[in-house]
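Below: one structure, written as structure tokens.
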Amino acid sequence: MKIKLKTGWPTRTPVYLALTLLYLLLFSCSKRQAAEMKPEPPEKPTSTVTYANFTQALFQTKCAGCHAPGRGAAAIWTFNGLSSVTSSQTRIKQAVLVNKSMPRGGSLSAAELKSLQEWFDNNMPE
Ligand code: HEC
């Protein structure tokens, strides 16, 4: 009798295992079905170029060396954040996109020029 009581739990183990497997099976199925029922949202439109995601870094790396406060060309145009760009947008566009005289001694890639143009065209979003 005592032996039977002791073996009571271990003999049930396969039942628990089977239930666990069944649960996992059902769970994975319902998850798959849920994914099938919920179609992916439509593709997001390509993200817009913003000051935060692109232009700030561009001005920082390509212009600040000469145009940051205290630098050589700061007297001509000082790069000091977004407002320093918006307030001088006409001159910047002329120098970078039209004359391509800036960045002095360097150049922007075609992709950078395209993104910068797009940013100006979208009215310089933050
Ligand atoms: C190597 C230094 C250097 C770098 C880098 C540089 N500039 Fe300049 N920038 C100058 C100098 C010097 C002048 C003044 C002489 C001239 O116009 O060539 C100037 C002039 C300007 C002007 C005034 C143009 C005008 O006559 O109205 C603007 C605007 C300007 N830079 C914007 C930029 C921008 C935007 C960048 C980055 C894409 C940049 N610069 C990169 C040195 C630099």
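Descriptive notes on the structure:
- Ranked order, Y51, Y23, Y16 - accessible area, probe 1.4 Å, largest first: Y23, Y16, Y51
- Near G65, once Lys and Arg are set to +1 and Asp and Glu to -1 for all other residues with Cβ below 13 Å from its Cβ, the sum equals +3.
- In the stretch 51-121, the inverse of the mean reciprocal separation of distinct Cα atoms equals 12.1 Å; this is its Kirkwood hydrodynamic radius.
The values are calculated or read from the model by the stated rules, or taken from the named source; none is laboratory data. Since the model is a prediction, treat every value here as computed from it, not as a measurement. So basically every Cβ, Gly included, is an ideal-geometry build from the backbone, and we count neighbours across all protein chains shown. Keep in mind that these areas ignore ligands, DNA and RNA; they rest on the heavy atoms of the full protein, side chains included. Shrake-Rupley method; radii C 1.70, N 1.55, O 1.52, S 1.80 Å.
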